[in-house]
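For reference, the structure discussed in these notes is given below.
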Amino acid sequence: MISNVLMVCHGNLCRSVMAAALLQQRGTGLRVKSAGLAAEVGQPAAKQAVAVLSELGIDIRSHRATQLTGRIANDAELILTMTAAQTHWLQSLYPVMHGRIFALRGFDSTDIGDPIGMPISDFRVCRAAMTTGIDYWAERLMRFNERSRGRAHDETLSAGRGAW
C-alpha cells in the first residue's frame, strides 16, 4: 500500500506545490508533500500558483519551500517529478529508490514546464497539464491501494482459518 507521495520540482515554488495540492484534493487519503531540487528554503509559493489553485478552491498560501533531502526522499513511497530529466537525476542520486521515482506525465512523455516568472495564463496551462497526470496517478494509486487492502484482508482471513 502506498500512503506517502512526494512531488518534486526545481524550486518548490509552483509546480510541485500545485501538484501536491491537486493530488491531496482528490481525497485519496494519501499524505502528499512537495520539495525542490534547488529550493530557496522558506520562500512562499509563487503568487500565480496561489491564484490558479484558489480558482479551484485550494489554498496553498501557507506553503514554504522545502529542499529535497535524502531523509525526505526516503520517507516517500512514491516520488513524482515534473520532468523526465528530474526523474533521471533523482534515480541516479538515489539508485535504491529507482522503482519509486517517476515523472508525473511519464506515461505520455510530457514534461511539465516551469511557469515561474511567467504570466498567470502560463500557470493555468501548467495546472491543466498537471491535472492530466494527477488524474492518472490518483486512479492508479486508488486501484493499487484497494488491491493491497484486499490482499491484506485475504491474508488475515487465511491466517485466521489456519488457527482454527
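Screening Leu30 with (1) under 14 Å from the mean Cα position of the chain (by Cα); (2) at pLDDT 95 or above gives one miss only, at (2).
Conditions (1) at pLDDT 70 or above; (2) within 25 Å of the chain's Cα centre (by Cα); (3) under 20 Å from Gly27 (Cα atoms), marked per residue:
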residue: Pro119; (1), (2), (3): yes, yes, no
residue: Thr131; (1), (2), (3): yes, yes, yes
residue: Trp137; (1), (2), (3): yes, yes, yes
residue: Gly150; (1), (2), (3): no, yes, yes
residue: Thr156; (1), (2), (3): no, no, no
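When Gln86, Gln91 are checked against the criterion of being surrounded by 14 or more Cβ atoms within 10 Å (Cβ to Cβ), polar (S, T, N, Q) and more than 15 Å from the chain's Cα centre (by Cα), Gln91 stands alone in meeting it.
The lone criterion from (1) surrounded by fewer than 21 Cβ atoms within 10 Å (Cβ to Cβ); (2) part of a loop (DSSP other than H, G, I, E, B) left unmet by Ala39 is number (1). The residue list Ile2, Ile72, Ile60 contains one member that is closer than 15 Å to Ile101 by Cα and in a loop (DSSP other than H, G, I, E, B), which is Ile2.
Scanning region 42-54 for residues that are part of a loop (DSSP other than H, G, I, E, B), out of contact with any Cys (no Cβ under 6 Å at 6 or more places or on another chain) and surrounded by 12 or more Cβ atoms within 10 Å (Cβ to Cβ) returns Gln43, Ala45. Assessment of region 95-113 against the conditions (touching a strand residue (DSSP E or B) at 6+ places or on another chain (Cβ under 6 Å), in contact (Cβ under 8 Å) with a residue 40 or more places away in the chain, in a loop (DSSP other than H, G, I, E, B) and under 20 Å from His10 (Cβ atoms)) yields at least one matching residue.
The values are calculated or read from the model by the stated rules, or taken from the named source; none is laboratory data. Computed from a predicted model, the values in this text were never measured in an experiment. As a convention, Cβ positions derive from the backbone with ideal geometry for all residues, glycine included, and neighbour counts pool all protein chains shown.
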